[in-house]
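The block underneath contains the structure these notes are about, expressed in structure tokens.
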Amino acid sequence: MERREEEFIVSLLDRDPELRRYYEEHQELEKKLLAYQHKSHLTPAEEVEKKRLQKLKLAGKDKIMEILGKYRQPGVQRETS
């Protein structure tokens, strides 16, 4: 994520529990993927797990972007439950 985008997300975390959940999950998946990147060789099982984590991370980012889009629409304020 771009720095400005991440700052915007962080500014909304206290207001939006759903966004917080997806953001924290995204951060955790990033840490797990970094562990795989530091390995010189991955087993077939590790490759499968890495791909699974990448897909989860991408799906989470899509959800984050969807939530942010609601905040960026002029005159629209997202309600939190």
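The values are calculated or read from the model by the stated rules, or taken from the named source; none is laboratory data. Values in this document were obtained by computation on a predicted structure and should not be read as measured data. Note that each Cβ is placed from the backbone with ideal geometry, even for glycine, and that neighbours are counted across all protein chains shown.
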Here the residues within the range 8-27 that are of a type in the set (Ser, Thr, Tyr) and over 12 Å from ILE67 (Cα atoms) are SER11
Taking LYS32 as the residue in question, decide whether it is modelled with pLDDT of 95 or more and either part of a helix (DSSP H, G or I) or under 23 Å from ARG4 (Cα atoms) (or both).
-> yes
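To keep it simple, each residue is scored yes or no on (1) touching a Phe, Trp or Tyr at 6+ places or on another chain (Cβ under 9 Å); (2) assigned to a helix (DSSP H, G or I); (3) modelled with pLDDT of 95 or more; (4) surrounded by 15 or more Cβ atoms within 10 Å (Cβ to Cβ).
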{"position": "MET1", "(1), (2), (3), (4)": "no, no, no, no"}
{"position": "TYR23", "(1), (2), (3), (4)": "no, yes, yes, yes"}
{"position": "GLU47", "(1), (2), (3), (4)": "yes, yes, yes, no"}
{"position": "LEU53", "(1), (2), (3), (4)": "yes, yes, yes, yes"}
{"position": "LEU56", "(1), (2), (3), (4)": "no, yes, yes, yes"}
{"position": "GLU79", "(1), (2), (3), (4)": "no, no, no, no"}
Long-range neighbours under 6 Å by Cβ, at least six apart or interchain, first residue free of Cβ contacts under 8 Å to residues at least 12 places away in the same chain within the range 2-22, second surrounded by 15 or more Cβ atoms within 10 Å (Cβ to Cβ) = LEU13/ARG20
Residues located in the range 58-75, provided they are outside any helix (DSSP H, G or I) and at negative phi = GLN73, PRO74
